[in-house]
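Here is the structure we will look at.
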Amino acid sequence: MSGQRAVDGPYTTRFETGVSAVDGRWVWLETTYFYAESGNESESGSRGQPADRGSIGDVAVEDVRLVDGEHVHVLAEEPRFRAGHRVMCSIDWSYRMYCMRAHTASHVLYGAARRLCADGELDYAGFDIGDETVRVDLETPVTIDDETLVELDRLVNRAVWESRPVSWESVPIAEAREREGIAFDDATEDGAFSSGRVRVVTIGAEDDNDANGSRNPWDVAACGGTHVRNTREIGPVTVLGRSKLDNGITRVEFAVGPRAIERRESEKRATFATKRALGVGVEAVPDAVAQLQSETESLATELAATRRSLLEARLERAESVDRNGSRWLATTCSDVPLESLREELHEAVESDAVDADVVAVVGERVPGETVAVVASVGDRSAVRIVEDLVARFGGDGGGSERFARADGVGASPATLLDELVDRS
């Protein structure tokens, strides 16, 4: 129907034919079952089904394109055969079958998505078959969250298990447009249209009866790609994740075959490791994780309060000095991790727990790497103080007028403290 014999003979992978023309590495054949990448790039950037791989004679086929409606086979090198010769062609069956499985799986996933969205809430926005993963782009206002992904995964694999028949037919475009429930996208499926007719691919109901007792098919779509004859041929499918594109389209990514099996394995290993660590059954893992998160948040709050109290106690015991009319307060603090010193000092200053114009805390990340955190609530610039320290002792520094930090200072904490409380 689409002008590609591959779509109506997807299981044909070896054939003999005549060579029509050769132009360098470009070859035209009298008859071909190679699938040429077709369809326009969608708004979301998806390209659809890629071209077949294989060989013509003894030369590998790198690409197959449709140029002015004709198949152009791009070879890896210039062939020895010429126009008029007959050649044996071989299509890479493993890759052809992968694309057939992946393409049919994308239809199954779209059918599953239609069952999760209300009428009028879902439109097809393209798909893309990669070597490792497959992407289906959905235009929908429905938020596709983790729970929806799980349900999509369940429905897709259920449809595979139910061995639903897959068929294709050529119908007049006008007739197809009048049918209800057909996924119809002229922009991304131009390979399905030819001479006023359209190729329609149908994934039927299980034994012609859907789960609700109706005879509604699982999915019907205008499509110019290759497909398996039955969903059971798709094999394992694993939904990997989703992303929200700038144009309001949600992209769902999944894998078929070995990649799907590998993902299932990693998910299972992670789940079993988690249940062992938590000491609960698989079903209880979510509740146990939620409880652990709650306890962790409570402990983090308590720890932050303790660190702040320690820092405030250090600052209370520190001796202040007057420098050019400003009150300076500086201390060392090894009880608070350096990564959280700025936050804790900020909290102490903002809560008015410290009565000083400039407050500095000095610590040591590792031996030989001193850190100074400076806060200023007066006229002095915290970042200027830090820059002066770095200029004198080396290191890196930066921040704002209110808060700044020096890292990797080439002086001991004691030396840096003396510099900050210098009364001169």
- [ ] Go through Arg323, Arg365 for me and flag whichever is open to solvent by 20 Å² or more (accessible area, probe 1.4 Å) and modelled with pLDDT of 75 or more.
- [x] Arg323
Task: Of the criteria (1) part of a helix (DSSP H, G or I); (2) under 43 Å from the mean Cα position of the chain (by Cα); (3) of a type in the set (Val, Ile, Thr); (4) at pLDDT 80 or above, which one Val349 fails - done: (4)
- [ ] Could you list, in sequence order, all residues of the stretch 283-320 that are of a type in the set (A, V, I, L, M, F, W, C) and modelled with pLDDT under 85?
- [x] Leu303, Ala304, Ala305, Leu310, Leu311, Ala313, Leu315, Ala318
- [ ] Give me a count of the residues in the stretch 166-180 that are within 15 Å of Trp218 (Cα to Cα) and either in contact with a helix residue (DSSP H, G or I) (Cβ under 8 Å, 6 or more places away or on another chain) or small (Gly, Ala, Ser) (or both).
- [x] 3
TODO: Might you check whether a residue that is of a type outside the set (Ser, Thr, Tyr), loosely packed, with under 11 Cβ neighbours inside 10 Å and in a helix (DSSP H, G or I) occurs anywhere in the stretch 252-264?
DONE: no
TODO: Pull up the stretch 46-60, narrow it to residues that are in a loop (DSSP other than H, G, I, E, B) and polar (S, T, N, Q), then point me to the one that is farthest from the chain's Cα centre (by Cα).
DONE: Gln49
Open item on the list: Against the conditions (1) surrounded by 23 or more Cβ atoms within 10 Å (Cβ to Cβ); (2) polar (S, T, N, Q); (3) in contact with a helix residue (DSSP H, G or I) (Cβ under 6 Å, 6 or more places away or on another chain), where does Thr13 fall short? Just the number, please.
Closed with: (1)
TODO: Exactly one condition in (1) crowded, with 20+ Cβ neighbours inside 10 Å; (2) at pLDDT 85 or above; (3) among the hydroxyl-bearing types (Ser, Thr, Tyr) is not met by Thr331; state its number.
DONE: (2)
Task: Checking Ser381 against (1) of a type in the set (S, T, N, Q); (2) over 19 Å from His346 (Cα atoms); (3) at pLDDT 85 or above, the condition it does not meet - done: (2)
Open item on the list: Just checking, does the stretch 179-193 include any residue being in contact with a Ser or Thr (Cβ under 6 Å, 6 or more places away or on another chain), open to solvent by 40 Å² or more (accessible area, probe 1.4 Å) and part of a strand (DSSP E or B)?
Closed with: no
Task: Residue in the stretch 131-154 that is farthest from the chain's Cα centre (by Cα), counting only those that are surrounded by 11 or more Cβ atoms within 10 Å (Cβ to Cβ) and in a helix (DSSP H, G or I) - done: Arg154
- [ ] Mind listing whichever residues of the stretch 80-107 are closer than 16 Å to Pro258 by Cα, within 25 Å of the chain's Cα centre (by Cα) and among the hydroxyl-bearing types (Ser, Thr, Tyr)?
- [x] Tyr95, Tyr98
TODO: Note down all Cβ pairs under 7 Å where the first residue falls in the stretch 299-323 and is closer than 15 Å to Val349 by Cβ, the second is open to solvent by less than 60 Å² (accessible area, probe 1.4 Å) and among the charged types (D, E, K, R), and they're at least six residues apart or on different chains.
DONE: Arg307/Glu344; Arg308/Glu344; Leu311/Glu344
Open item on the list: Here is a check on your reading of the model: is Arg65 surrounded by 14 or more Cβ atoms within 10 Å (Cβ to Cβ), more than 30 Å from Leu152 (Cα to Cα) and not hydrophobic (A, V, I, L, M, F, W, C)?
Closed with: yes
Open item on the list: For the stretch 155-178, give me each residue that is in contact (Cβ under 8 Å) with a residue 40 or more places away in the chain and either open to solvent by less than 20 Å² (accessible area, probe 1.4 Å) or in contact with a Pro (Cβ under 8 Å, 6 or more places away or on another chain) (or both).
Closed with: Val156, Asn157, Ala159, Val160, Arg164, Val166, Ala176
TODO: Report, ordered by the first and then the second residue, all pairs with beta carbons closer than 6 Å, sequence separation of six or more or different chains, a first member in the stretch 92-104 that is outside any helix (DSSP H, G or I), and a second member that is open to solvent by less than 60 Å² (accessible area, probe 1.4 Å) and at pLDDT 95 or above.
DONE: Asp92/Gly54
Open item on the list: Tally up the residues in the stretch 391-412 that are open to solvent by less than 30 Å² (accessible area, probe 1.4 Å) and not in a strand (DSSP E or B), please.
Closed with: 2
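The values are calculated or read from the model by the stated rules, or taken from the named source; none is laboratory data. All figures in this text were calculated on a predicted structure; none of them were measured in a lab. Every residue, glycine as well, gets a Cβ built from its backbone with ideal geometry; the counts of neighbours run over all protein chains shown. Only protein heavy atoms, including side chains, enter the accessible area calculation; ligands, DNA and RNA are left aside. Shrake-Rupley method; radii C 1.70, N 1.55, O 1.52, S 1.80 Å.
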